[in-house]
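Chemist: My questions all concern the structure below.
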Amino acid sequence: MTDLPNSRDLVGYADAQPAWKLPNGAALAVSLVINFEEGAELAVSDGDPASERVSEIVSVVPPGRWDQGTEQIFAYGMRAGIWRMLEALRRHDRKITFYMCGRAVQRVPQIARRIVDAGHEAACHGWLWRPHADYDTPEAEQHDLQRCVDVIEAATGQQPQGFFCRGSESPWTRPLLRRLGFSYTSNGFDDDLPYWDATEPADPLLVLPYALDSNDMKFFHPNGFVGADEMVAYVRDAIDVLLAEGEAGHPKLLNIGFHLRIAGRPGRFAAFQRVLALLDSYGDRLWVARRIDIARSWQSQFPAATTGR
């Protein structure tokens, strides 16, 4: 491709980090995300050329053949996991962000509606659970982005303002997000603070970074978490490090990610419950918020015209 970004920013804010002011004097912003992907994974039965390989186990089904087992592993998230997780969020009075894939919402619009009716944010996670770097043309990518937006809005009554895709964006993703009116993208793994992508100076796009380390996907990786308490301990360490920095005058953002088919399973749901209890234990020292609210906080204090990278 000849239209890739022509530079990489390895400096960021350096030692001049903005003094972000959080509600109620909190010293750390926390974004809890649940990925709503089940039914949008690659599946031969949906006409995809192959089925998803990342799951509880490495599938032994040959590529191109119907993989019933993997489909059922994903289906568990919608059939059972979502209800455990929604009830836990209700008990802890937490409003969070759900990354929603369009084909998943199309299949179960009533569940997507329940999520938004409970006060959670619906963000666009692409039409399928796939990297947007796979798209060969901007027209194909725009088509899938638009139908994801349309399906989410039709199901929930909420137009998604945020975006995150699996893996990597394409060279055209951010121009398309600007054109479609998104407020932020989360495909940024390079900072603990939001920043403005000013590759189009007349129309900068806010990057609200995400993270894959404090994420239950690591239960699926051999170098990741095994027991629930391993994830909880990791999250606690991250909170304590970032809280110290925030209380010294430079609040940051911590991302904690979950999946319906992963943390929705009983043995890993314990991690989800304990993380919620851990966040409660810090009281007002943490600001736990939806990503759209975090984006608005940053936009109000550090407008694109006066700050950036």
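Chemist: Label-point separation (nm) for GLN299 and ASP136, each offset 7 Å from Cα along Cα-to-Cβ?
Modeler: Output for this residue pair reads 3.6 nm.
Chemist: Please report, in debye to the nearest 20, how large the charge dipole of segment 1-88 is about its Cα centre when each Lys and Arg carries +1 at its beta carbon and each Asp and Glu carries -1 there.
Modeler: Its charge dipole is roughly 300 debye.
Chemist: Something else about it: How much accessible area per residue does the chain have, counting only protein heavy atoms and a probe of 1.4 Å, in square angstrom?
Modeler: 44 Å²
Chemist: With each label point set 7 Å from Cα along the Cα-Cβ vector, what nm distance links GLU247 and VAL226?
Modeler: Reported label-point gap for GLU247 and VAL226 is 3.3 nm.
Chemist: Please work out the FRET efficiency for the pair ARG79 and ASP48, using the Cβ-Cβ distance as r and a Förster radius of 22 Å; give the result to the nearest 0.05.
Modeler: 0.55
Chemist: Find the centroid of the Cα atoms in segment 110-140 and in segment 65-109, then give the distance between the two in whole Å.
Modeler: Segment 110-140 and segment 65-109 have Cα centres separated by 13 Å.
Chemist: Hey, what does the equivalent ellipsoid look like for segment 188-259, semi-axes from the Cα gyration tensor as sqrt of 5 times each eigenvalue, largest first, whole Å?
Modeler: Values for segment 188-259, descending: 28, 18, 7 Å.
Chemist: What part of the accessible area of the chain, given as a whole %, is carbon or sulfur when the probe is 1.4 angstrom?
Modeler: Exposed carbon and sulfur together represent 51 percent of the surface.
Chemist: Can you tell me how much longer the chain between HIS143 and ASP15 gets when fully stretched, taken as 0.36 nm per residue apart minus their C-alpha distance, in nm with one decimal?
Modeler: 42.0 nm
Chemist: Which value in deg cm²/dmol, rounded to the nearest 500, describes the helix-derived mean residue ellipticity at 222 nm for the chain, given -39,500 (n - 2.57) per DSSP H run of n ≥ 4 and division by the residue count?
Modeler: Value at 222 nm, helices only, nearest 500: -11000 deg cm²/dmol.
Chemist: If I stretch the segment between PHE189 and VAL61 completely, what's the gain in nm (0.36 nm per residue apart, minus their alpha carbon distance), one decimal?
Modeler: 42.8 nm
Chemist: Run the reach check for LYS95 against lysines, Cα to Cα strictly under 22 Å, same-chain hits fewer than 8 apart removed. What comes back?
Modeler: LYS21, LYS252
The values are calculated or read from the model by the stated rules, or taken from the named source; none is laboratory data. Since this is a predicted model, take the numbers as computed values, not measurements. Glycine also receives a Cβ, built like all others from the backbone with ideal geometry; neighbour counts cover every protein chain displayed. For accessibility, only protein heavy atoms count, side chains too; no ligands or nucleic acids. Shrake-Rupley method; radii C 1.70, N 1.55, O 1.52, S 1.80 Å.
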